[in-house]
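Worksheet: the structure to be examined is printed underneath.
The values are calculated or read from the model by the stated rules, or taken from the named source; none is laboratory data. These numbers come from a predicted model, not from an experiment. Cβ placement follows ideal geometry from the backbone for every residue including glycine, while neighbour counts extend to all protein chains displayed. These area figures cover heavy atoms from the full protein model, side chains too; ligands, DNA and RNA do not enter into them. Shrake-Rupley method; radii C 1.70, N 1.55, O 1.52, S 1.80 Å.
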Amino acid sequence: PARGLGGVTRALRAGSTEALRFAPDLTLDGPLAALAAAREADLVAVIREGLATVARHARASSASVRVTSDDAIRIEVADDGVGVASNAVESGLENLRQRAESHGGSLTLRRRTPRGTALVWEALLERD
């Protein structure tokens with residue numbers, strides 16, 4: 001069973017491998033052990049939805065998840081897929097946007113060069 005936040009994120013990574021058909025890279029950087037429980041729930045939701053979006057839409061051959069923590073928490077889910085269509089509807093990501101904004105943060109999608117997409121979720125840090 002997964003233990004602690006690192007274990008949970010590794011379990012999410014492992015759980016997405018079948019849908020993606022490859023294992024995404026995972027990087028955890030910063031003091032994550034003391035995150036408040038609400039922020040842990042946000043982190044899990046962002047990683048789960050980000051990787052599910054890659055699996056459903058990106059047609060990617062690789063993806064990465066990077067979680068960093070200092071004065072804020074930042075989660076980036078990036079892929080090398082087909083990119084974001086200019087008329088893309090982000091309704092599936094609205095919950096993540098609301099979570100970020102409720103904590104003074106933001107959610108952005110951006111094109112990567114030469115191809116792919118990065119979902120970047122940021123929120124002010126709250127610790128227990």
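Taking the conditions exactly as written (in contact (Cβ under 8 Å) with a residue 40 or more places away in the chain and more than 26 Å from Glu101 (Cβ to Cβ)), does Asp71 satisfy them or not? It is false that Asp71 is in contact (Cβ under 8 Å) with a residue 40 or more places away in the chain and more than 26 Å from Glu101 (Cβ to Cβ). Restricting segment 115-128 to residues that are part of a loop (DSSP other than H, G, I, E, B) and modelled with pLDDT of 90 or more, the residue that is nearest to the chain's Cα centre (by Cα) is Gly116.
For segment 14-28, does any single residue satisfy the condition of being at pLDDT 90 or above, surrounded by 15 or more Cβ atoms within 10 Å (Cβ to Cβ) and within 18 Å of Arg99 (Cα to Cα)? No, there is no match, as no residue in segment 14-28 is at pLDDT 90 or above, surrounded by 15 or more Cβ atoms within 10 Å (Cβ to Cβ) and within 18 Å of Arg99 (Cα to Cα). Tallying residues that are of a type outside the set (Ser, Thr, Tyr) and closer than 24 Å to Asp29 by Cβ within segment 56-68 yields 6.
Of the residues in segment 38-62, how many are part of a loop (DSSP other than H, G, I, E, B), more than 15 Å from the chain's Cα centre (by Cα) and small (Gly, Ala, Ser)? Here the count works out to 2. Scanning segment 94-111 for residues that are charged (D, E, K, R) and either part of a strand (DSSP E or B) or open to solvent by less than 90 Å² (accessible area, probe 1.4 Å) (or both) returns Glu94, Arg97, Arg99, Arg110, Arg111. Scanning segment 63-87 for residues that are over 15 Å from the mean Cα position of the chain (by Cα) and open to solvent by 70 Å² or more (accessible area, probe 1.4 Å) returns Asp70, Asp71, Val82, Ser86, Asn87. If you go through segment 68-82 and keep only what is in a loop (DSSP other than H, G, I, E, B) and of a type in the set (Val, Ile, Thr), you end up with just Val82. The residues in segment 32-62 that are open to solvent by 60 Å² or more (accessible area, probe 1.4 Å) and in contact (Cβ under 8 Å) with a residue 40 or more places away in the chain can be counted, and the count is 1.
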